[in-house]
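These notes are about the structure you will find just below.
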Amino acid sequence: MNLSPTLTVRQMQPSDAARWDEFVLNSPEATFFHRAGWQQVIERAFGHKTWFLYAESEGRIQGVLPLAEINSRLFGHSLISLPFCVYGGIAAHSESAAEALDRAAQEIARERQVDHLEYRSLKPMHPDWPGKDLYVTFRKEIDPDVEQNMLAIPRKQRAMVRKGIKAGLTSEIDDGVERFFSVFADNVHRHGTPALPKRYFALLKEIFGSDCEVLSVVKDGRVLSSVLSFYFRDEVLPYYAGDTLEARDFAANDFKYWELMRRACERGIKIFDYGRSKRGTGPFDFKKNWGFEPQPLCYEYQLHRAKTVPDHNPLNPKYRLFIQAWQKLPLPLANFIGPHIVKNLG
């Protein structure tokens, strides 16, 4: 798609991945979720069609926009940057590159006759589009001194961390995702939501390598809690987590995040990104209790065939009966059926 003598929008090919990632690494607007590897993850784990667009001028990438299409009878037809990711949207060095990518995305949305086009950004791009004020993120600097990070945790939560330490909890870095998935799947089942497939987490480890890490909390040989985190530039992003019921007795959840922060501090990481939460939920309160302040996320929607912004989340009252029924399913059955549902939620 030629837009001018010097600016062209193309779809990323496997041979473009290295220079795509070089641009992402050096772009202040880009995040871990702009990395080229997400194309493989989304296509191989879920079978969704992707468009990873980049704007190029004189042989150099000037901007990127990762997109994936979800077409579901239950949850609608969407083009999203980027499903299964909390951040996305356009990352560009110039306004002209951003505009070129934006036009290309809107053209794809029209051609594919989607219900809506969605950008998940840290800052607004289209204030004129409908938005969603449900999600926030929590980010905070890590002090270079480990003890200062402990003292920065508000007193009540700090006491929980120390409870875990006194209980003899330890943290271990796992090579695979087996222990993580066992507590993650059990955790989401208790909350009445389908679990992502184990192969998805295995792909994250395979494709992102050492930048995708699993930390498990253990007591007397039993895994009580586990978290899968991403590393990007000078940031750590705990992204998926799970706990057993027993974890509550030992404050394993607080201990888990403290151990992740402690380890990140010792390796020179500067930002702890606690990730996305919905307003008015337990995870939102938990992160605030750790001394993190919520920052709004800009989720913007260009409506095509849809009349309203989608509302596919557990807080929607229409899913209440589904959640209650899901909690009653045997865990093996839930883990078998769940991936076929959750792959269309994004």
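The values are calculated or read from the model by the stated rules, or taken from the named source; none is laboratory data. Only a predicted model underlies this, so the values are computations on that prediction, with no experimental measurement involved. Cβ sites come from the backbone with ideal geometry, for glycine too, and all protein chains shown count toward neighbours. Accessible surface is based on the protein model in full, side chains and every heavy atom, while ligands, DNA and RNA are left aside. Shrake-Rupley method; radii C 1.70, N 1.55, O 1.52, S 1.80 Å.
Is there a residue in region 63-76 that is small (Gly, Ala, Ser) and buried (at least 18 other Cβ atoms within 10 Å of the Cβ)? So far as region 63-76 goes, yes, one or more of its residues are small (Gly, Ala, Ser) and buried (at least 18 other Cβ atoms within 10 Å of the Cβ). Here Phe184 meets each of (1) open to solvent by 30 Å² or more (accessible area, probe 1.4 Å); (2) in a helix (DSSP H, G or I); (3) touching a strand residue (DSSP E or B) at 6+ places or on another chain (Cβ under 6 Å) with one exception, condition (1). Within region 167-210, the set of residues being more than 24 Å from Asp249 (Cβ to Cβ) and small (Gly, Ala, Ser) comprises Gly176, Ala202, Gly209, Ser210.
Do we have any residue at all in region 102-115 that's under 21 Å from Tyr239 (Cβ atoms) and outside the structural domain of Lys205 (by the TED database)? No, region 102-115 has no match at all. Considering region 290-329, and only residues there that are more than 30 Å from Ile153 (Cβ to Cβ), open to solvent by 70 Å² or more (accessible area, probe 1.4 Å) and not in a loop (DSSP other than H, G, I, E, B), the residue that is modelled with the lowest pLDDT turns out to be Lys318. Filtering Lys198, Lys156 for residues that are loosely packed, with under 15 Cβ neighbours inside 10 Å and not assigned by the TED database to the domain that holds Ala334 leaves a single hit, Lys156.
Filtered by the rule that a residue be closer than 20 Å to Gly291 by Cα and either in a helix (DSSP H, G or I) or over 16 Å from the mean Cα position of the chain (by Cα) (or both), region 235-258 gives Ala251, Ala252, Asn253, Asp254, Phe255, Lys256, Tyr257, Trp258. Once region 215-231 is narrowed to residues that are out of contact with any Pro (no Cβ under 7 Å at 6 or more places or on another chain) and aliphatic (A, V, I, L, M), the residue that is surrounded by the most Cβ atoms within 10 Å (Cβ to Cβ) is Val217. In the set Ser72, Ser78, only one residue is within 19 Å of the chain's Cα centre (by Cα) and either at pLDDT below 95 or under 20 Å from Gln302 (Cβ atoms) (or both); that residue is Ser78.
A quick yes/no check of all residues on (1) under 21 Å from Met150 (Cα atoms); (2) among the polar types (S, T, N, Q); (3) in contact with an Asp or Glu (Cβ under 6 Å, 6 or more places away or on another chain):
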site: Val227; (1), (2), (3): yes, no, no
site: Pro238; (1), (2), (3): yes, no, no
site: Leu245; (1), (2), (3): no, no, no
site: Tyr257; (1), (2), (3): yes, no, no
site: Arg263; (1), (2), (3): yes, no, no
site: Glu266; (1), (2), (3): yes, no, no
site: Ser277; (1), (2), (3): no, yes, no
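Criterion applied to Glu43, Glu69, Glu22 was being outside the structural domain of Leu196 (by the TED database), more than 26 Å from Glu235 (Cβ to Cβ) and not in a loop (DSSP other than H, G, I, E, B), and the one residue passing it is Glu69. Selection of region 86-115 for residues being among the small types (Gly, Ala, Ser) and in contact with a helix residue (DSSP H, G or I) (Cβ under 6 Å, 6 or more places away or on another chain) yields Gly88, Ala91, Ala92.
Among the conditions (1) part of a strand (DSSP E or B); (2) not assigned by the TED database to the domain that holds Lys288, Val86 misses just one, which is (1). State whether the residues of region 130-153 include one that is among the charged types (D, E, K, R) and more than 28 Å from Leu237 (Cα to Cα). No, region 130-153 has no match at all.
Consider Phe75 against the criteria (1) under 25 Å from Phe284 (Cβ atoms); (2) in contact with a strand residue (DSSP E or B) (Cβ under 9 Å, 6 or more places away or on another chain); (3) not assigned by the TED database to the domain that holds Asn253: it satisfies all of them except one. Which criterion is unmet? Failing condition for Phe75: (2). For region 60-116, a tally of residues being hydrophobic (A, V, I, L, M, F, W, C) and touching a residue at least 60 places away in the same chain (Cβ under 8 Å) returns 16. The residues in region 232-252 that are open to solvent by less than 40 Å² (accessible area, probe 1.4 Å) and either in contact with a strand residue (DSSP E or B) (Cβ under 9 Å, 6 or more places away or on another chain) or not assigned by the TED database to the domain that holds Phe286 (or both) can be counted, and the count is 12. Evaluating Glu29 against the criteria (1) closer than 16 Å to Arg120 by Cα; (2) crowded, with 21+ Cβ neighbours inside 10 Å leaves one unmet condition, (2).
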